[in-house]
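Presented below is the structure to which this report refers.
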Amino acid sequence: MKQIVLKAGRDKSLLRHHPWIFSGAIERASGDAEPGETVVIRSAEGRFLAYAAVSPRSQIRARVWSFEEREAIDARFMRSALERAVAFRSQVVGQDTDAYRLVHAECDALPGLVVDRYADTAVIQCSSAGADYWRETYADALIETGVCRRVYERSDTEPRNLEGLVPRSGALRGGEPPEGIAVTEGPARFLVDVRRGQKTGFFLDQRDNRARVRAAAHGREVLDVFSYTGGFVVAALTGGAAGVTAIDSSADAIERARENVAASGLEAHRVDWQRADAFARLRALHAEGRRFDLVVLDPPKFAPTERHVARAARAYKDINLWAFRLLRPGGTLFTFSCSGAIDAALFQSIVAGAALDAGVLGRIVARLGAAPDHPVALHFPEGGYLKGLVVKVA
Ligand code: SAH
């Protein structure tokens, strides 16, 4: 097996079981490993550290499969890691849903691999050369576990470019999925378009937060900003909201959100759909004198990388500022950021700045993250990208 030898002292993160090996930490590599090939990682002193998949074009040059020297990195290894990930979900996901994440990449010891389940369809997303290398094995294993009868691939993520991999989507097992796969989440029904939807089709990570919005919505006037296919709209309506105003810039997303309201058997007239740019629309609502009891802000990732943090911080501040201005006294803001580059402390300080400028006293009553089918491995804090605050205003 080919080897990568690290520079002296650069084994520290691996000893803490962080699974990434950056190109700058590498002293030398024996032979040119193919993309996704398994190599041995050794310390400068020649000690075994890990087995890892090589990504020859990426700054993250290798990702660890195992820190156990006796392990064989083969199809059986991949199958059992996948089975463990699937078994974990039966412990943390309730019986009232058939849509959840089966594999959360590094946090399930399968770097670069995401698998989401939508009823009888599993959607697999390979973002690293290593995950890509084993994709047929994963597809077979998913069918074998019985958790699905169809596997669809959505390997069209941004990180693939950094890995030198071309985007790839399509049916892998069990034929083409229907355009809208019907899934259940408690009292709600959603139609998920796994071919064209964002991520693998739906924001599964917000499941528990949808339940929180549902619990808080009774009798409230709700504003859902960046509503996409209506996850929070449906949550608010099933919770008995008096009315919901939903803002999204995508006509297609709004169309699908309408379908989800209908699929859940809810009254469409209780929703005021506004296809608009959120930044402008929030100001306009304020100028029109509209006020709300509950506002949800779940924007797209404003900071895809560290370089975008300053600009993203201004964008988060802006929408939070206007959300605070639109809240009635005693109202509640659910505010989120899915930017990994903006950590929880920075996010909180941005929201604090927004409340200050809006002239409201805000108090955090809950700190939110992704649902437990998106666990964060303690040795991989990067896995905890989603953060949210529930803020009550005086
Ligand atoms: N809250 C959603 C997920 C949001 S995804 C959920 O729980 O499912 C981000 C959404 O923001 C997308 O639907 C996209 O169309 C929308 N969007 C992006 N930029 C926008 C803008 N400037 N104004 C309004 N909507 C925007």
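Table for the structure above
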quantity	calculated
Conditions (1) buried (at least 20 other Cβ atoms within 10 Å of the Cβ); (2) modelled with pLDDT of 95 or more: number failed by residue 178	(1)
Residue within the range 251-267 that is over 21 Å from residue 394 (Cα atoms), exposed (fewer than 15 other Cβ atoms within 10 Å of the Cβ), touching a residue at least 12 places away in the same chain (Cβ under 8 Å) and more than 14 Å from the ligand (Cβ to nearest atom) present	yes
Of all residues in the range 282-298 being without any contact (Cβ under 8 Å) to a residue 40 or more places away in the chain and among the charged types (D, E, K, R), the one that is surrounded by the most Cβ atoms within 10 Å (Cβ to Cβ)	283
Tally, over the range 198-215, of residues that are touching a helix residue (DSSP H, G or I) at 6+ places or on another chain (Cβ under 8 Å), more than 9 Å from the ligand (Cβ to nearest atom) and free of Cβ contacts under 8 Å to residues at least 40 places away in the same chain	2
Out of 353, 330, sole residue that is at positive phi and not acidic (Asp, Glu)	330
Residue match in the range 158-168 (condition: modelled with pLDDT under 95, charged (D, E, K, R), under 19 Å from the mean Cα position of the chain (by Cα) and not in a helix (DSSP H, G or I))	yes
Residue match in the range 221-235 (condition: at pLDDT 95 or above, within 25 Å of residue 120 (Cα to Cα), more than 12 Å from the ligand (Cβ to nearest atom) and touching a helix residue (DSSP H, G or I) at 6+ places or on another chain (Cβ under 7 Å))	no
Residue in the range 37-49 that is assigned to a strand (DSSP E or B), in contact with a helix residue (DSSP H, G or I) (Cβ under 6 Å, 6 or more places away or on another chain) and at pLDDT 95 or above present	yes
Criterion violated by residue 303 - all others in (1) within 13 Å of the ligand (Cβ to nearest atom); (2) within 28 Å of residue 157 (Cα to Cα); (3) not in a helix (DSSP H, G or I) satisfied	(1)
Residue in the range 144-158 that is more than 28 Å from residue 87 (Cβ to Cβ) and crowded, with 19+ Cβ neighbours inside 10 Å present	no
Failed condition for residue 337, given (1) touching a Cys at 6+ places or on another chain (Cβ under 8 Å); (2) within 16 Å of the ligand (Cβ to nearest atom); (3) within 16 Å of residue 303 (Cα to Cα)	(1)
Among (1) more than 9 Å from the ligand (Cβ to nearest atom); (2) among the aliphatic types (A, V, I, L, M); (3) more than 24 Å from residue 124 (Cβ to Cβ); (4) surrounded by fewer than 19 Cβ atoms within 10 Å (Cβ to Cβ), the one test that residue 276 misses	(1)
Count of the range 181-210 residues which are assigned to a helix (DSSP H, G or I) and surrounded by fewer than 20 Cβ atoms within 10 Å (Cβ to Cβ)	1
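The values are calculated or read from the model by the stated rules, or taken from the named source; none is laboratory data. Computed from a predicted model, the values in this text were never measured in an experiment. All Cβ positions, even for glycine, are placed from backbone atoms using ideal geometry, and neighbour counts span all protein chains on display.
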